[in-house]
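*Asks:* The following block contains the structure, expressed as structure tokens.
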Amino acid sequence: MRYEIRVEGQLSEPLIRMFPEFDHVTMSGQTLLFGQVVDEAHLYGLLARCQSLGLRILELRQVPR
């Protein structure tokens, strides 16, 4: 499954490195993380990682391959 996670703000390099399985693009004061999510546990782990880092998720969506 391919997912996009849009978070508020421009993530610093140390924060970007916390998501090694994702590529990223920064635009208009937001950062879009995108990549493969292998299963539901991985998805929940990503959400927990965002929460623990204090990131505000603006959008989460599954996208076609």
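*Asks:* On a 0 to 90 degree scale, rounded to 10, what angle separates helix 40-52 from the longest Cα axis of the chain?
*Replies:* That helix lies at roughly 20 degrees to the long axis.
*Asks:* Quick one: pull the percent of accessible area on the chain belonging to carbon and sulfur, 1.4 Å probe, ligands and nucleic acids left out.
*Replies:* Here carbon and sulfur together make up 50 percent of the probe-accessible area.
*Asks:* Given (i) 1.01; (ii) 0.94; (iii) 1.57 as candidate values of Cα Rg over 2.2 N^0.38 Å, which corresponds to the one derived from the coordinates?
*Replies:* (i)
*Asks:* Going through region 2-53, which trypsin sites (Lys or Arg not before Pro) have at most 11 other Cβ atoms within 10 Å and a DSSP loop state?
*Replies:* Loop-located and lightly packed - Arg17.
The values are calculated or read from the model by the stated rules, or taken from the named source; none is laboratory data. All figures in this text were calculated on a predicted structure; none of them were measured in a lab. Positions of Cβ are generated from backbone atoms using ideal geometry, with glycine treated the same way; all protein chains shown enter the neighbour counts. Ligands, DNA and RNA are stripped out before the accessible areas are found, and what is left, the full protein with its side chains, is counted by its heavy atoms. Shrake-Rupley method; radii C 1.70, N 1.55, O 1.52, S 1.80 Å.
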